[in-house]
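To keep things clear, I will list the structure first and then write my remarks on it.
The values are calculated or read from the model by the stated rules, or taken from the named source; none is laboratory data. Computed from a prediction, not measured in an experiment: that's the story for all the values here. Please note: Cβ atoms are built from the backbone with ideal geometry, for glycine as well, and neighbour counts cover all protein chains shown. The area values use the complete protein model at the heavy-atom level, side chains included, leaving out ligands, DNA and RNA. Shrake-Rupley method; radii C 1.70, N 1.55, O 1.52, S 1.80 Å.
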Amino acid sequence: MSNRMWGGRFASGPAEIMEEINASIGFDKRLAPQDIRGSLAHVAMLGTSGVLPAADVDAITAGLKSVQAEIEAGTFAFRRELEDIHMNVESRLTEIVGPAAGRLHTARSRNDQVATDMKLWVRDTLDGLDAQAAALQQALAEKALRHAGTVMPGFTHLQSAQPVTFGHHMMAYVEMLGRDRGRFRDARARLNECPLGAAALAGTGFPIDRHATAAALGFDRPTANSLDSVADRDFALEALSAASICAVHLSRFAEELVVWTSAQFGFVRLSDGYTTGSSIMPQKRNPDAAELVRAKAGRIVGALTGLLIVMKGLPLAYSKDMQEDKEGTFDALQALSLCLAAMTGMVRDLEPVAETLAKAAGSGYATATDLADWLVRELNLPFREAHHVTGRLVGAASAKGVGLEALSLEEMQAAEPRITDAVYAVLGVENSVASRISYGGTAPGNVRAQAERWLAQLSGG
Ligand code: ARG
């Protein structure tokens with residue numbers, strides 16, 4: 001049998017394998033709520049614009065609501081031979097309403113319909129991701145407030161650099177997530193133009209009111225060019241780009257959690273709720289959730305690059321290639337949602353191990369910069385010379401296998417005779433972090449103020 005929606009000029013139906021490669025219903029059925037919402041707005045507008053009589057509008061509206069109820073109840077029979085969600089809905093509408101259902105597709109095409117449906121889905125999803133990222137920021141800022149003064153090693157090149165606080169480290173991710181949320185919002189604002197009514201590609205001769213459908217669907221305005229309306233998926237690409245950057249942030253944090261929870265580091269404890277055991281090694285507490293957050297960044301970035309490559313060679317306007325936007329976009333944005341939820345749970349439950357962190361913070365000559373700064377401040381040495389003197393002292397301590405604080409005053413004075421025993425105060429990690437009071441620095445007071453600022457902002461919406 002030829003297709004009942006477009007089969008007018010076809011003598012026979014598609015080959016089995018054609019149906020399989022062509023059908024998108026297996027994955028675009030999730031667009032049913034958006035599709036019906038779009039159709040309800042479209043048919044209402046056809047009524048007010050005088051394109052359809054009220055009786056048809058009423059019948060189609062009631063029919064669409066029945067279809068919606070069937071889909072929500074799980075009684076709707078999705079059919080692959082009807083290709084996609086748009087034709088599945090319309091076909092069932094025809095069974096319910098009769099021939100009047102055929103008038104719904106006046107002044108529209110599946111091309112503007114699918115672009116509208118996808119934009120609605122991406123828009124809702126971005127809103128959800130924004131809220132989830134805010135919840136993670138809140139968990140991080142609360143943890144930061146509690147551990148504003150918990151000293152830990154700060155690294156560059158994964159080598160001990162300077163002591164920081166655990167709260168400061170958590171707040172770094174709060175800032176990253178703040179920018180991620182900004183990107184979600186920017187993407188949302190840019191996508192919020194309605195393609196509906198662009199029809200197949202050229203617009204329509206019917207006296208439709210695109211401003212009305214745009215407003216009814218919560219868009220800021222209709223898209224201004226009918227070709228662009230149906231030909232681009234940059235809104236999905238932009239959402240995937242923002243999602244990829246956020247996923248990379250989460251992945252880096254996840255990597256840190258994996259390293260920090262190892263026996264060799266022992267910096268933090270994850271709760272039982274976010275770790276798993278081993279079937280053979282009884283001692284194990286594996287950070288699986290963190291590992292999976294780290295891994296899911298791969299498929300999220302993969303969805304972005306996949307869709308970029310799908311789009312890169314397509315002439316205007318619609319090509320069926322664009323149907324490939326869906327699975328990757330759905331999968332990636334859902335994966336990010338799961339990552340944000342898992343991270344929020346992990347952060348709420350995790351506990352830093354203060355003694356281990358403090359000990360690690362003091363190892364690796366992490367207060368060498370504090371010593372150099374002291375030489376500049378107290379002895380007025382140029383920083384480069386202070387760096388040199390400190391380097392000699394680190395060398396001396398390292399040769400003895402001890403920390404800087406274990407060098408005697410005589411040993412210190414061998415490198416620079418004017419050093420006094422006041423120097424020992426700056427060699428402690430607590431003093432080191434307390435001294436970092438520059439704006440954005442790791443001093444506990446700063447960290448507390450930043451955490452409080454964010455918490456106030458987050459609770460203000
Ligand atoms: N299932 C299609 C998609 O996702 C809908 C648009 C079909 N349009 C067309 N001209 N065949 O892209």
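In segment 123-275, Rg over Rh equals 1.19, where Rg is the alpha-carbon radius of gyration and Rh the Kirkwood radius from pairwise Cα distances. Computed from label points 7 Å out along Cα-Cβ, the spacing between L409 and Q457 is 4.8 nm.
Segment 359-416 and segment 190-234 have their alpha-carbon centroids 67 Å apart. Bridges between two residues of the chain, per DSSP, are antiparallel at a rate of about 80%. Note on L314 and A263: the model spin-label points, each 7 Å out from Cα along the C-beta direction, lie 5.3 nm apart.
Taking each pair of distinct Cα atoms in segment 62-197 once, what is the resulting Kirkwood hydrodynamic radius in Å? Hydrodynamic radius (Kirkwood, Cα only) of segment 62-197 equals 19.3 Å. The convex hull of the Cα atoms of segment 1-146, projected and averaged over all directions, covers 12.2 nm². Of the accessible area of the chain, computed with a 1.4 Å probe over protein heavy atoms only, carbon and sulfur atoms account for 55 percent. Here is the tail figure for segment 330-400: Cα pairs spaced more than 18 Å apart come to 63 percent of all pairs.
For the chain, the mean residue ellipticity at 222 nm estimated from helices alone is -20000 deg cm²/dmol, where every DSSP H run of n ≥ 4 contributes -39500 (n - 2.57) and the total is divided by all residues, rounded to the nearest 500. Placing R0 at 25 angstrom, the Cβ-Cβ distance between E355 and D272 gives a FRET efficiency of 0.70 after rounding to 0.05.
So if each residue of separation counts as 0.36 nm, and I subtract the Cα-Cα distance between L379 and S435, what length gain in nm does that give?
Computed gain between L379 and S435 is 18.4 nm.
Segment 79-134 has equivalent-ellipsoid semi-axes of 30, 12, 10 Å, by the square roots of 5 times the alpha carbon gyration tensor eigenvalues, sorted largest first. So what is the orientation-averaged projected area of segment 212-289, using the convex hull of its C-alpha atoms, in nm²? Averaging across all directions leaves 9.3 nm² for the Cα convex hull. The residues of segment 94-232 have, on average, 38 Å² of accessible surface per residue, using a 1.4 Å probe with all protein chains present. Charging the Cβ of each Asp and Glu at -1 and of each Lys and Arg at +1, and nothing else, the dipole of segment 1-102 about its Cα centre rounds to 140 debye.
Could you tell me which helices of the chain pass both thresholds, a Cα extent of 18 Å or more along their own axis and a mean Kyte-Doolittle hydropathy of at least -1.0, with helices taken as whole DSSP H runs?
What comes out of the filter, once short or polar helices are dropped, is 32-48, 54-73, 110-146, 166-191, 234-260, 288-311, 325-349, 383-400, 444-459.
Considering all different alpha carbon pairs of segment 225-365, the Kirkwood hydrodynamic radius works out to 17.4 Å.
A Förster radius of 56 Å combined with the Cβ-Cβ distance from R221 to A161 puts the calculated FRET efficiency at roughly 0.65.
Taking every alpha-carbon pair within segment 406-461, the share separated by more than 16 Å comes to 60 percent. Dividing the convex hull volume of the alpha-carbon atoms in the chain by its residue count gives 202 Å³ per residue.
Counting every pair of alpha carbons in segment 325-461, the share spaced more than 23 Å apart comes to 54 percent.
Along each principal axis, taking the top coordinate minus the bottom one, the Cα set of segment 27-113 gives 35, 24, 19 Å in descending order.
For segment 271-336, the alpha carbon positions stretch 59, 16, 16 Å along the principal axes, listed from largest to smallest.
Taking Lys and Arg as +1 and Asp and Glu as -1, the other residues whose beta-carbon sits under 9 Å from that of L393 total -1.
Based on every Cα atom in segment 1-47, Rg and the maximum pairwise Cα distance Dmax equal 14.7, 40 Å.
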